[in-house]
Ligand code: KG4
Ligand code: ZN
């Protein structure tokens, strides 16, 4: 089966063409993966500007689609050799299913993708399926052309610019939110702290790179930031207080210090570590409490090298029998390949979809 997937939940326009092989534990191979990033456009606002993002998606989608359909046609011609009827090319292309992100995300952006996909599905006469963006971030772990199995129950930590959630996954489509952020998401905290420090947007990669240059023994700064809610016996998070603590620390420094590389490195390091400490503590507790057999990391913040490393070390030490799945770094941030994977599983659950609606707060399940 060949899936065309469309992702426009935030500031990246993504279109991908993914081939699914096998049924019980399928493998997902990428035929084409196109992404048009709007990072530079939004950088001057220090965050995503929804009406601007919507306009860019409208502009980018037809361009990316044209390139993708060309690939689909080529694939369709090759696929004549397949014996299974589902692989036979259709009149226009080899596409069997269209998957589109329906939420959560920025509603004007989501609608652009949904309307575009519904029109395309009609034109190509192929079925369409809505995708939950959080589920897509979780299932980004299954992209690599090989069969990857999740042993259930799994605990999933989804950390992005818009979300921070701990989810118990009992099976595909069977999700229970254990906890989530009460205010800012982890990625949002990285972005806002970067802004305070005068660093570029998006803040996550810049904070990570700046923190990597910090060395505790050589620094004249010893900054201590709070670890919000770390000892509370729930699975919720709160990161807005952390950002505020950075703000007050920054304001209390003389102007010369605020601009100094050493100070900025020290704050970046401590911010990153505070976020990681809270995420790790709650994730490990969820694994233990729910006897999870697999732990899954996903979302833009999952590309953070320290988070990936420290979670691996903590799992090894505290819950060594738990399988650890992390997506390839390029599939942590928004992309349409993960939309195709989640679309496949969504399609297995329900095949007939009409009038898909975009929802800013679309829930899992
Ligand atoms: O998943 P994503 O692409 O978009 C949303 O669905 O929100 O995540 C974007 C977020 C941004 O907040 C960005 O700063 C953060 O992921 N991010 C990182 C890193 N790379 C991206 N945060 C920490 N460390 C990174 N290396
Ligand atoms: Zn995302």
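Computed from the coordinates by the stated procedures, all read-outs in this text should not be read as laboratory data. The shown structure was predicted, so the numbers you read here are calculated from the model rather than taken from an experiment. Note: ideal-geometry Cβ built from the backbone for every residue, glycine included; neighbour counts use all protein chains shown.
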Query raised in the report: Listing 275, 329, 207 from the residue with the fewest other Cβ atoms within 10 Å to the one with the most, what is the order?
Result: 329, 207, 275
Query - C-alpha long axis of helix 337-349 to longest principal axis of the chain, angle in ° - result: 60 degrees
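Just want the ordering: 138, 1, 338, from fewest to most Cβ atoms lying within 10 Å of their own Cβ. Don't skip to the answer; put the middle values down first.
Details: 138 29, 1 17, 338 33.
Fewest to most other Cβ atoms nearby, the residues stand as 1, 138, 338.
Pop out the Kirkwood hydrodynamic radius of the chain from its pairwise C-alpha distances, inverse of mean 1/r, in Å to one decimal. Kindly include the intermediate steps, with their values, before the conclusion.
Details: mean 1/r = 0.0470 Å⁻¹.
Taking every pair of different Cα atoms in the chain, averaging 1/r and inverting gives 21.3 Å.
If each DSSP helix of 4+ residues adds -39,500 (n - 2.57) and the sum is divided by the residues in the chain, what number results at 222 nm, nearest 500 deg cm²/dmol?
Helix-only estimate at 222 nm: -13500 deg cm²/dmol.
Over the chain, what is the relative contact order in whole percent, taking alpha-carbon pairs under 8 Å and six or more residues apart? The partial results should precede the final answer.
Details: 777 pairs, mean separation 87.9, N = 365.
RCO, the chain: 24 percent.
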Report task. Determine the equivalent ellipsoid of region 107-219 by diagonalising the alpha-carbon gyration tensor, then write out the semi-axes as square roots of 5 times the eigenvalues, largest first, rounded to whole Å. Result -> 33, 21, 15
Query raised in the report: Taking only Cα atoms, what is the 0 to 90° angle, nearest 10, from helix 186-197's long axis to the longest principal axis of the chain?
Result: 50 degrees
Report task. Kindly rank 159-165, 51-57 from highest to lowest mean number of other beta carbons found within 10 Å of each residue. Result -> 159-165, 51-57
Query raised in the report: What is the distance in Å between the Cα centres of region 1-46 and region 142-201?
Result: 17 Å
Query raised in the report: Roughly what % of DSSP beta bridges within the chain run antiparallel, to the nearest 5?
Result: 60 percent
Requested in this report: Mind jotting down the three principal axis lengths of region 154-327 based on Cα atoms? Whole angstrom, largest first.
Outcome: 54, 30, 27
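Which of the peptides 172-184, 311-323 is most tightly packed, and how do the rest follow, going by the mean number of other Cβ atoms within 10 Å of each residue?
Highest to lowest by the protection proxy: 172-184, 311-323.
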Report task. Specify the angular offset, from 0 to 90 degrees and rounded to the nearest 10, of the alpha carbon long axis of helix 50-78 from the longest principal axis of the alpha carbons in the chain. Result -> 50 degrees
Requested in this report: Largest first and to the nearest Å, give the Cα extent of region 288-365 along each principal axis.
Outcome: 48, 27, 21
Requested in this report: Go through 216-226, 113-123 and give me the packing order, highest mean Cβ count within 10 Å leading.
Outcome: 113-123, 216-226
